[in-house]
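Structure first, commentary second.
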Amino acid sequence: MSCFKPIFLQEARRFFTQKKTAVLLVLLLISLFGVHKGIKENKGITSKIKEFQNSEIKTFKLLNNYESISHIGARILFVPARTSIFFSNPPVMTEISGHINTNANLDITSNCQSKTIFISNALLPLRFSTVVLFLGTFAVLYFGLKAMNSKEYLKFLSHGHSRLAVHLSIFVSRYILVVLSFLFIFGCTLGLTMMEGIPLSWPFIDGLIPSLLVALLLFFFCLVIGTIPGHWAKKNGLAIILVVWLVMVIAIPLVFGTVNEENAEVIPSSYKLFGDKINVISDFEKEAARAHGEFKDSERVNARSVIEGYWHEQYPKMDNLEDCFKNEMKRVNRKNNALSVWFPTTFYHLTAVESSSRGFEGFKDFYDYLQALRRRYLRFWLNQVFYIDVKTLVNFIEGDMNIFRAQSRLPENFNTGILIHLVYILAAMIGSYVSFIKSLSAAEIKKTAKEENPVVELRKGEVTALELYTEIGLGEKLYNRLDGKIDKYNEHLSITLDNVEISKPGQKQDFNYIPHPGDLPDDITVESFICSNARLLKLSGEEKTNFYAAVFPGLETIKGKTFGQLDNDKRGRVLLSVLPYFKGSLYLVNNIAVGMSGHFILELNDVMRSWAAEGAAVIYLTSDSRIDVERLRAEIKQDFAELEGWTSAVSNVKKTLKEEINYLTVS
């Protein structure tokens, strides 16, 4: 794609304007604040580890026998992975711990006392992932919208290049800019983590990579989706993007969340699980009492056989109840994951939560750890009570055994989600390109021509001027016929070149389309426009030097401004500065003098004659062929004689217009 480099450089200059840079800085500041909050929370949890362990040690020292130890049990603190500083999580997973004992207890609870009860009730806490999901997606959707909402300019940009190449060049250029911006913001947040004392270890970076990958795919999808209304919506594009964003980020996740909650209704309550485990213990105690009566301390050896029977026969039943409960949660989670991966925003949220270590996979790991630890705890207690006759109580917890350090995890069907994402992107790309092609050929027909079978007769080396008396969309009709497209509006129109039909169905012509200066995008600078055209025209090094030397001196005072800062006359000066360097055999100049100065009309006439002099056929459409002498006198500031000489020349041209230029009036 020879047009990629000039389009990319122009898109880069369009991107780094004051407004877009300000938006980027706002997103950066919000992201930094979100990560700072995550770091503060992570440090708070880390600082509580020693406090938690000291509290557990003090509690153990207050106990005076193993019976008390059996009832009190042990608590285990859940410590999320460091990656959690980047991701939001449900408030219920903010500060959780587990509790086990020798009886039926295996509980996972959330601490809602102290400051935890005051956690924000907003949709999600402000974190980096929140910025990506809410602000990032909206910004990228809007960026996609603005990429394709100037149909006339896109026609102009397509001269000498395939439509597919132009479409891909614009899209890929904008996506590269999105990726670079995202990586810049992400890099700044990593810098903040280092400044606040969080080391960038490989497990930390590795835990972030999956969510970054999904975020980039999400942005890709949003950019493509944004381009589709951009092809059609001129006035209400922002409203359409807002509706699309609400559906993607709010409505669909809410629907999916409701379905997931319904799926979870089949999971039995933890109270029922506890009751079932109590029944197992109660049945064991009744059976032991019936068979052996009440044991005394002197009968410890005989009690061992009963206890071992419980360990080998009854305790596995307790474990089996836990496994069934856990497997039911896994089954529901598998269904919920299978639903969440079917849409990009829900898939991103799922990946972000699991990457934070506070999703279901992290919860399941914690559950498995508690279950295994309780088995060891019970065996330890049985050994201490029935096999080891010691007077000093021994604490089961050693070192960091009561600290569970969670790890970043991936959703079960992560690969499936990636594949579905790619299918979405492919379908959206096809839809975007089809919309792009159709938007270029869309004709705004207000009235039909009175002439049933009009013929536009062109000749090489001549300018054919067509004065428009009615608004019939002739420019769109001619554009489509030259582009090989025939519809109900242009099927009776034919175009000939030197008496040879060139508008047959499927017969596409290579032509240059020249739009009105007012249709040039407001956010393109004059310098960027000139430089990109020099590259698109494929000028050699020497030609490019001569081009710049001829063009820039006359635009020195405005070359740093955007078209949005210029009036139509200055826009026209810029457009006229590059038109003489265009090369081609056929030109369509679509009513570009409307509302322009007489000076512009004069220079445009010279440019079109220069094209014709090189052997090109030029079609000039105009709804205003008059030249106001008073307007010219005020703008050109020439004296009366010189102006009279010019108007006399124009009059002579008009007298011989039908013989020399084949002037055609469409009525």
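The values are calculated or read from the model by the stated rules, or taken from the named source; none is laboratory data. What you see is a predicted model, and the numbers here were worked out from it, not measured in a lab. Note that each Cβ is placed from the backbone with ideal geometry, even for glycine, and that neighbours are counted across all protein chains shown. Ligands, DNA and RNA are stripped out before the accessible areas are found, and what is left, the full protein with its side chains, is counted by its heavy atoms. Shrake-Rupley method; radii C 1.70, N 1.55, O 1.52, S 1.80 Å.
General observations
- For the range 525-626, the solvent-accessible area works out to 41 Å² per residue, with a probe of 1.4 Å and every protein chain left in place.
- Just the protein heavy atoms count here, and of the accessible area of the range 467-595 at 1.4 Å, carbon and sulfur take up 48 percent.
- Flagged links, alpha-carbon separation over 24 Å, of Lys5/Lys460; Lys19/Lys155; Lys40/Lys335; Lys155/Lys235; Lys438/Lys544: Lys5/Lys460; Lys19/Lys155; Lys40/Lys335; Lys438/Lys544
- For Trp232 and Leu62, the difference between the fully extended length at 0.36 nm per residue and the C-alpha to C-alpha distance is 53.7 nm.
- Förster radius 51 Å - calculated FRET efficiency between Glu501 and Gln565, Cβ distance, rounded to 0.05: 0.65
- Dipole magnitude of the range 536-587, debye to nearest 20 (Cβ charges: Lys/Arg +1, Asp/Glu -1, about Cα centre): 120 debye
- Using the Cβ-Cβ distance between Val434 and Asp319 with R0 = 56 Å, the FRET efficiency computed as 1/(1 + (r/R0)^6) comes to roughly 0.45.
- Taking packing as the residue-averaged number of other Cβ atoms within 10 angstrom, the listed peptides 326-335, 563-572 run from highest to lowest as 563-572, 326-335.
- Distance between modelled label sites at Ile49 and Ala239, nm, 7 Å Cα→Cβ extension: 5.5 nm
- Estimated FRET transfer efficiency when R0 is 45 angstrom, pair Leu602-Ala251 (beta carbons, to 0.05): 0.20
- Extension gain, Phe16 to Ile420: 0.36 nm times the residue separation minus the Cα-Cα distance gives 142.1 nm.
- In a fully extended conformation the segment linking Asp522 and Glu328 would gain 64.0 nm over its present Cα-Cα distance, using 0.36 nm per residue.
- ³J(HN,Hα), Karplus 6.51/-1.76/1.60, whole Hz, each residue of the range 348-353, x for Gly, Pro: 4, 4, 4, 5, 5, 5
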